[in-house]
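Undergrad: My questions all concern the structure below.
Bear in mind these aren't lab numbers, they're just calculated from the coordinates by the rules spelled out. Computed from a predicted structure; not experimentally measured. FYI the Cβ positions are ideal-geometry reconstructions off the backbone, even for glycines, and counts take in every protein chain you see.
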Amino acid sequence: MNDTLKKAAVIGWPISHSKSPLIHGHWIKEFGINGHFERIALNPEEFVSGIRNLVAQGYQGCNITIPHKEAALDMADSISDRAKAIGAANTLVFKDGKIHADNTDGIGFINNLKQGAPSWQASGGTALVLGAGGAARAIIYALLQEGAPKIIIANRTVGKAHKLAAFFGDKVSATSMDGAANNLSETHTLVNTTALGMIGQPELAIDLSNLPKTALVTDIVYNPLQTALLKQADDLGLETVDGLGMLLHQAVPGFEAWFGVRPTVDKALRQIVLAG
Ligand code: ATR
């Protein structure tokens, strides 16, 4: 059996906060793989040469985080459809000296909902997406892929919401943050993709009372795990899924590509990442 050391990393600037080593390190141990996963800080000037260096050193690939997600896409030799549509890469796979770029944020979002709310279906009705940044783009792409019939983007800067809606076409429309309130009664899936509600950020001011009782509410913020948005939804008896699972699920395809085993997201992993 070929048991040479397999290496992967997460690249960002800064990178010290990244939870990726906890996630991949846990799976490496769990499967008894001869593997190593590290954090590597690369500034924008050294990003391209730094990645080429990893390819030359025989790394399997890497996760990419802020601020390199667009640069990673630009330097790739091949790009998955979803990374192309999202316009950013969070996962690079190296093979035969070539770089393949993927984006697993959207599928991570969807798989988190499938695990946390097994009866939820994107096709069940309208999704109301709060925010129009990079995370919203990945999530909207994935919701459409999963069959969401209609998506409304609500954003502080309405122009950005309109631009994003136009990119995705007929099923997606835009409104202001205040306008979001008018769409609650037809919402099946409510997603916060902004940083509002995160520790140190202002609260997300939205009254959820007009959501149907069958609506699902989810947040990409996971610090705190139960945001004020999720608490409000919970108090109203609505189904909720927290944002930690998106972080864990987005790591699955990269690990599988680099180390050859598909890992699962379970309670033990959640505990390790929460404690880390
Ligand atoms: P990410 O890649 O995490 O999505 P981003 O691209 O910087 O980050 O997008 C941040 C999103 O959060 C945007 O929709 C932003 O609204 P604007 O487009 O109006 O900037 C939203 N956001 C951030 N801070 C906010 C605040 N204080 N109030 C309302 N929206 C906010």
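Undergrad: List, in order, the whole-Hz ³J(HN,Hα) value for each residue of region 60-66 obtained from phi through the Karplus relation with A = 6.51, B = -1.76, C = 1.60 and θ = phi - 60°; use x for Gly and Pro.
TA: 7, x, 7, 8, 10, 10, 3
Undergrad: For the chain, what is the mean residue ellipticity at 222 nm derived from helices alone (per DSSP H run of n ≥ 4: -39500 (n - 2.57); sum divided by total residues; nearest 500 deg cm²/dmol)?
TA: -10500 deg cm²/dmol
Undergrad: Which whole-Hz couplings ³J(HN,Hα) result when phi for each residue of region 160-170 is put into the Karplus expression 6.51 cos²θ - 1.76 cosθ + 1.60, θ = phi - 60°, listed in order with x for Gly and Pro?
TA: 5, 5, 5, 5, 5, 4, 5, 4, 8, x, 4
Undergrad: Continuing with this model, one more query. What shape does region 106-242 have by the C-alpha gyration tensor, where a ≥ b ≥ c are the square roots of the eigenvalues, rounded means a/c under 1.5, and otherwise prolate means a/b greater than b/c and oblate the rest?
TA: In terms of gyration-tensor shape, rounded.
Undergrad: Something else now. Taking H placed 1.01 Å from N in the peptide plane, check which residues at least 5 places from I79 or on another chain put their amide H under 5 Å from its amide H.
TA: Result for I79 returns A101.
Undergrad: Cut-off under 16 Å on the C-alpha distance; same-chain residues fewer than 8 positions from K213 excluded. Which aspartates and glutamates are left, in chain and number order?
TA: E186, D234, D235, E239
Undergrad: If you don't mind, another one. Within 11 Å, Cβ to Cβ, of G87, how many net charges do the neighbouring residues add up to if Lys/Arg are +1 and Asp/Glu are -1?
TA: +2
Undergrad: If you wrap a convex hull around the alpha carbons of region 16-72, what volume per residue comes out, as a whole number of Å³?
TA: Roughly 81 Å³ of hull volume per residue.
Undergrad: I've got another one for you. Compute the separation of the alpha-carbon centres of region 225-276 and region 188-223 and state it in Å as a whole number.
TA: Rounded to whole Å, the Cα centres lie 16 Å apart.
Undergrad: While we're on this one: Could you work out Rg/(2.2 N^0.38 Å) for region 165-211, with Rg from alpha carbons only?
TA: That works out to 1.31 for region 165-211.
Undergrad: Looking only at L236, L54, L144, which one moves most when the chain is put into a Gaussian network model with springs between Cα atoms under 10 Å?
TA: Most flexible of the set in this elastic network: L236.
Undergrad: Something else about it: Amide H neighbours of T240 under 5 Å, at least 5 residues apart or on other chains, H built in the peptide plane: list them.
TA: V217
Undergrad: Once R0 is set to 22 Å, what does the formula 1/(1 + (r/R0)^6) return for the Cβ-Cβ distance between N182 and R156, expressed as a FRET efficiency to the nearest 0.05?
TA: So, using R0 = 22 Å, E works out to roughly 0.85.
Undergrad: Once amide H atoms are placed 1.01 Å from N in the peptide plane, what residues at a sequence separation of 5 or more from I153, or on another chain, have their amide H within under 5 Å of its amide H?
TA: V129, S173, A174, T175
Undergrad: Taking K6 as the anchor, which aspartates and glutamates have their alpha carbon closer than 19 Å to its alpha carbon, excluding any fewer than eight residues away along the same chain?
TA: E30, E38, D96, E256
Undergrad: Working from Cα positions, state the angle (0 to 90°, nearest 10) between the long axis of helix 134-145 and the longest principal axis of the chain.
TA: 80 degrees
Undergrad: Three principal axis extents, largest first, for the C-alpha atoms of the chain, in Å?
TA: Principal axes ranked by extent give 57, 37, 34 Å for the Cα atoms.
Undergrad: Taking K and R as +1 and D and E as -1, what net charge do the other residues with C-beta under 11 Å from the C-beta of A180 add up to?
TA: So the surrounding residues net to -1.
Undergrad: Using θ = phi - 60° and the Karplus curve 6.51 cos²θ - 1.76 cosθ + 1.60, what whole-Hz ³J(HN,Hα) does each residue of region 102-116 get, with Gly and Pro shown as x?
TA: 9, 10, 10, 5, x, 5, x, 4, 5, 5, 5, 5, 5, 6, x
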